[in-house]
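Structure first, then comments.
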Amino acid sequence: MVAAVRVHRFGGPEVLTYEDVAVAAPGPGEIRVRQHACGVNFIDTYFRAGTYPSPIGLPFVVGSEGGGEVIAVGAGVSEFQCGDRVAYVTGLGCYAAERLVAADRAVKLPATIGFEEAAAILGKGITAEFLLRRTFRVEKGMTVLMHAAAGGVGLLLCQWANHLGANVIGTVGAKDKAELARANGCHHTILYRDEDFVARVKQITGGKLCDVVYDGVGKATFPASLDCLRPRGMFVSFGNASGQIQDFNINLLQQKGSLFATRPATFTYIAKRADLLAITEDLFAVIGSGAVKVTIGRRYALHDAAQAHRDLEGRATIGSSILVP
Ligand SMILES: NC(=O)c1ccc[n+]([C@@H]2O[C@H](COP(=O)([O-])OP(=O)(O)OC[C@H]3O[C@@H](n4cnc5c(N)ncnc54)[C@H](OP(=O)(O)O)[C@@H]3O)[C@@H](O)[C@H]2O)c1
């Protein structure tokens, strides 16, 4: 038996139950991993609350991102052996001391990336990569708007977009977050709880507006995010930290300047192993070069997962949070 955090019924952070679970020997194509750290992600709160349906019903172990050491290998696995340092992004199952992972979902960690860093950024960094390089290709001289710029995905997006030569505007919920975002590649910050962010974007860009808006906030920033885009600009809605956007009227795209809109999800972008490997190679390269740094704002013991969720949903975190089994 190993320590894990499970959900038996949907609800608030209080439904996160710290308990022992059995972990089987790895089946064909699987590896068993002793986890050194688990990433905390907003998506974990959607599964906990039932906003996203659990593909395996109840109960389930929460958590979508982790890193650790391979301790057993199932039949047919040739790419990994015991002792390998690995990380992975999966829908569920990461808040645990040990777990099984499908080998084709794991990647080997370069020596320069520690387990905690890996757990903090593998999923968030994969997201940043495909958002900036594949969903919409940010190029030198473009102007980009990132909401929640000091968050886990946000800090990675800001640094990476800056590295690509973009003019980076970030919205943040507090002054200390503005400072942090500026220290991580944001050229301009907007306190969107106090300021009209559309008016500020117009002012900052001299009316030219943005080539792309990356919006993981959702309900609270929609449809205003569309007003930050130049004609034929791209609206990338990639999350729902404030709630899901309802009743999206496609005619808005025509009215606001022949805009494009997309709602990407990580699992589509890494469904093929070749894509997973290409994206993580790109991610490890920008981290290895020092262009993108990992900020672990908070570390919690695994049994404090509920507090980690309260802090994340309460907008109290910066950068990435991790759980340490
Ligand atoms: N599409 C994908 O595949 C994918 C993959 C990974 C993550 N995501 C999404 O990316 C977003 C960021 O994820 P993350 O894990 O890195 O979280 P995070 O950005 O560290 O935390 C969420 C942030 O959203 C902001 N926020 C605005 N309104 C909020 C509200 N009503 N309640 C709570 N937070 C609010 C807060 O920042 P301020 O205080 O600065 O406003 C908060 O810190 C999430 O929407 C997540 O679902 C999507």
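We did not get these values from a lab; they are worked out from the coordinates using the rules stated. Fair warning: this is a prediction, and the values are worked out from it, not measured in the lab. Positions of Cβ are backbone-derived with ideal geometry, glycine not excepted, and every protein chain shown enters the neighbour counts.
For the reader, a short list of remarks on this structure follows.
- Rounded D (µm²/s) - the range 149-289, Kirkwood Rh over Cα pairs, Stokes-Einstein at 37 °C, 0.692 mPa s: 205
- The Rg/Rh ratio for the range 212-325, using Cα coordinates for both the radius of gyration and the Kirkwood hydrodynamic radius, is 1.04.
- Cα lying deepest toward the dipole's positive end in the range 161-234, options Val201, Pro231, Val168, charges on Cβ: Pro231
- Calculated FRET efficiency for the pair Ala278/Gln254, C-beta based, R₀ 30 Å, to 0.05: 0.30
- Counted without the sites themselves, the longest stretch of the chain free of chymotrypsin sites (Phe, Trp or Tyr not before Pro) in a DSSP loop having at most 15 other beta carbon atoms within 10 Å is 11-247.
- Model label points for Ile56 and Ala285, set 7 angstrom from Cα along the Cα-to-Cβ axis, are 3.5 nm apart.
- Helical runs assigned H by DSSP (4 residues or longer) give the chain a calculated mean residue ellipticity at 222 nm of -8000 deg cm²/dmol, each run adding -39500 (n - 2.57) before division by the residue total.
- Within the chain: Cβ-based charge dipole about Cα centre, in debye rounded to nearest 20 (Lys, Arg +1; Asp, Glu -1): 720
- Set against the 2.2 N^0.38 Å expectation for a compact globular protein, the range 94-184 has a Cα radius of gyration ratio of 1.24.
- Gyration tensor (alpha-carbon) shape descriptor, the range 152-219, a/c threshold 1.5: rounded
- Cα centroid of the range 233-253 to Cα centroid of the range 267-313, whole Å: 24
- Whether the range 1-150 is rounded, prolate or oblate, judged on the alpha carbon gyration tensor where a/c under 1.5 counts as rounded: oblate
- For the range 29-70, the Kirkwood hydrodynamic radius from C-alpha pairs, put into Stokes-Einstein at 4 °C and a viscosity of 1.567 mPa s, yields a diffusion coefficient of 112 µm² per second.
- Trypsin sites (Lys or Arg not before Pro) restricted to the range 103-199 and DSSP loop, no more than 16 other C-beta within 10 Å: Arg137, Lys140, Arg193
- Restriction of the trypsin sites (Lys or Arg not before Pro) in the range 1-89 to DSSP coil positions whose beta-carbon has at most 12 other beta-carbons within 10 angstrom yields Arg9.
- Between the range 62-102 and the range 169-201, the Cα center-to-center distance that results, in Å: 37
- Gain in span if fully extended, Ala24 to Glu195, counting 0.36 nm per residue against the direct Cα distance: 56.3 nm
- Over all distinct Cα-Cα pairs of the chain, the Kirkwood formula returns a hydrodynamic radius of 20.0 Å.
- Exposed loop sites here mean GluC sites (Glu not before Pro) with a DSSP loop assignment and at most 16 other beta-carbon atoms within 10 Å; the chain contains its longest site-free run at 196-325.
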